[in-house]
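The values are calculated or read from the model by the stated rules, or taken from the named source; none is laboratory data. The model shown is predicted, which means the values in this text are computed figures rather than measured ones. Ligands, DNA and RNA are stripped out before the accessible areas are found, and what is left, the full protein with its side chains, is counted by its heavy atoms. Shrake-Rupley method; radii C 1.70, N 1.55, O 1.52, S 1.80 Å.
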Amino acid sequence: MARGIGENPAFSPAEHLRQIEYPASRDDIVETAGDNEAPVEVINFLKCLPKEQYGSYEEALRDFAEAERRFGMSNFGSEGRSRENINHVDPTQHP
């Protein structure tokens, strides 16, 4: 996702929040982002917003820290291990 200067705004969840008419539900936010062809990572991040309803852009933006925590938690399996190297073979484990 876009977090730096000069990156494509389509990858920024905040940019997609600006295109919403408030008040809006989390489902409305996700649906609008999908309609605007947001990348899958942005849509999944927006699904992690903690509240069901938002009264303003600023209110939704304030919940980004909690959404980031939830989004990061989705990168761990039930054992708590990261799934980013799913095809990696651990040499310490036997087949």
Open item on the list: Under the 0.36 nm per residue contour assumption, what length would be gained going from the current alpha-carbon distance of residue 63 and residue 18 to full extension?
Closed with: 14.8 nm
Task: Exposure ranking of 30, 42 by accessible area [1.4 Å probe, largest first] - done: 30, 42
